[in-house]
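Report on the following structure.
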Amino acid sequence: MRTLPEPYATSLPPLLAAALAEDLPDLTAPAVFPPGTPLRAVLLVKAPGVICGLPALAATFELLDGTAEVVPAVADGDRVEPGQVAAEVRADACALLAGERTALNFVCHLSGVATLTRRFVDAVAGTRCQVLDTRKTTPGWRRLEKWAVRCGGGVNHRMGLFDAAMLKDNHIDAAGSMARAIELVRSRHGAGIPLIVECRSLADVRQALASGVTHIMLDNMDLAAMQAAVEEVGGRARLEASGGVSLDTVRAIASTGVDYVSVGALTHSAPTLDLSLKVRP
C-alpha cells in the first residue's frame, strides 16, 4: 500500500481494518470470478459537490490486492459534477468487489462533509466571517472529518480538549461565576494556552471583556444581540457565533460582523455525496 498523506496515515489504518473486519469474508465474488480475474471500475460522480477521501478509496483496494492500481482524476478538495469520473480502479475482481462498499463509505461520507462545508462557506462569501467546525464528530473519525472540512474551505476549531481551554455554560455554572471560572483556568495554565469563553448575554460579553478574554463565543444569541455584541466589543476580541446555525441563517449571522460561525452540522449531519463504483470494460 502506498504511503498515505496526513491525516490518513494516522487515522485510516485502524478505521479501515475495522471496517473490513466487520464486512468480510465475501461469499459472492469468489463464487463468480476465478482468482486473478482482472477488473476495471470507475468512481462515478452522481451529484455536484466537493470530493474528499480518495486516499482512503485507494488504500482499501491496495490493502486487499497488493497489485491494485488506483488512478485519481481529481484531488481532495476539487469540485465535481454529475457524470464526472473521479478515479479509476484496476484490481483483482474479488478484491475490487469485496472492498467496494467500504471504499465508498469512506469517500461518500468525507465528500459529504466537504460538500456541506463548501455550501456554508459559499453562503458567507463576501463577509469576513470564517466557518468553523466543532468537536461533534464521529468517534475515531475526527481527523478525517476535520480534513474534509478544510477541503470544503472551512477552518478547524479545536481538534480536541487539549489544544485550548473553553469555558462553557456547565463550567461557568459549576464554578459559580464566569469571573471565577476564568480565574481558575488562568491560575492553572497562565497565558500559555488559548482561552475561549461562552457568553449567553450581552452582560456576559461585558464580563468576559473585563476579564481580558480575547475569544468570545456568542451562544444562541439572536441577530440583534449579536450585532450589539459586535458593537460592544469593537474589535477587542474575536467573536464566534454558535448554536442552531443553518444554511438559511448563516448569511445573516455573518453579516452582523462576527469573526467566526461554528457549525456542528458540518460533521454530525452532512449527507453523503452520491458516488458509485461502476465496472467498465
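The values are calculated or read from the model by the stated rules, or taken from the named source; none is laboratory data. What you see is a predicted model, and the numbers here were worked out from it, not measured in a lab. Neighbour counts are summed over all protein chains in view; Cβ atoms, including those assigned to glycine, are modelled from backbone coordinates with ideal geometry. Side chains are part of the model used for accessible areas, which takes the heavy atoms of the whole protein and leaves out ligands, DNA and RNA. Shrake-Rupley method; radii C 1.70, N 1.55, O 1.52, S 1.80 Å.
Odds and ends about this structure:
- Tally, over the stretch 148-163, of residues that are open to solvent by less than 10 Å² (accessible area, probe 1.4 Å) and either at positive phi or aromatic (Phe, Trp, Tyr) (or both): 0
- Listed by first and then second residue, the pairs linking a residue in the stretch 86-114 that is without any contact (Cβ under 8 Å) to a residue 12 or more places away in the chain and within 14 Å of Leu63 (Cβ to Cβ) to a residue that is open to solvent by 10 Å² or more (accessible area, probe 1.4 Å) and not in a helix (DSSP H, G or I), with Cβ atoms under 6 Å apart and 6 or more places separating them unless they lie on different chains, form an empty list.
- Of residues in the stretch 126-161 being in a loop (DSSP other than H, G, I, E, B) and hydrophobic (A, V, I, L, M, F, W, C), the one nearest to Glu240 (Cα to Cα): Cys129
- Among the residues listed as Arg180, Arg200, the single one being without any contact (Cβ under 8 Å) to a residue 24 or more places away in the chain, more than 30 Å from Asp76 (Cα to Cα) and not hydrophobic (A, V, I, L, M, F, W, C): Arg180
- When Ala98 is tested against (1) assigned to a helix (DSSP H, G or I); (2) farther than 30 Å from Val205 by Cβ; (3) in contact with a Leu (Cβ under 7 Å, 6 or more places away or on another chain); (4) open to solvent by less than 10 Å² (accessible area, probe 1.4 Å), just one condition goes unmet, and that condition is (4).
- Filter result (open to solvent by less than 40 Å² (accessible area, probe 1.4 Å) and either farther than 15 Å from Leu63 by Cα or free of Cβ contacts under 8 Å to residues at least 60 places away in the same chain (or both)) within the stretch 12-43: Ala29, Thr37, Leu39, Ala41, Val42, Leu43
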